[in-house]
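Only the coordinates and a few stated rules stand behind these numbers; no lab work does. Owing to the predicted nature of the structure, the values given are computational and were not obtained by experimental measurement. With ideal geometry, Cβ positions are generated from the backbone for all residues, glycine too; neighbour counts draw on all protein chains shown.
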Amino acid sequence: MPDLLPQPARDEIDLSVVFSTLSDPLRRTAIAILATLPECTERNCVSFGFPVAKASLTHHFKVLREAGLISQIDYGNRRASSLRKNDIEARFPGLLAMLVEELERDGGAEKAVASVVRR
């Protein structure tokens, strides 16, 4: 049976933690990409194609979850992440739009993913 991993409640999502989390280019890019997808889309961390080790990806996505930006479901043999879009928009209106705008300005998802470790 799938298990939802622990995450902060909507009213516990802290702006300073979110800003600290998004200061990392990989995490900021992951959130921007998720924000461009249909609501409730699930992705595993490897599916983004970031040129880093799987252990690093696992860490980055754990940080995103603990900040309240994503939900993660453990299916036993894999974990899937989805953006907490409604919660983020309720707490910080316009934040996701700014991240998507930055992603588009920087050349889109493919370019951002390829350049994330060079920033």
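Taking every C-alpha pair closer than 8 Å and separated by at least 6 residues, the mean separation divided by the residue count of the stretch 28-98 gives a relative contact order of 35 percent. Packing, as the average of other Cβ atoms within 10 Å across residues, places the peptides 24-34, 66-76, 85-95, 9-19 in the order 24-34, 66-76, 85-95, 9-19, highest first.
Here the mean projected area of the convex hull built on the C-alpha positions of the chain is 7.0 nm². Protection proxy ranking for 50-56, 103-109, using the average of other Cβ atoms within 10 Å per residue and placing the highest first: 103-109, 50-56. A helix-only calculation puts the chain at -14500 deg cm²/dmol for mean residue ellipticity at 222 nm, using -39500 (n - 2.57) for each DSSP H run of at least four residues, averaged over all residues.
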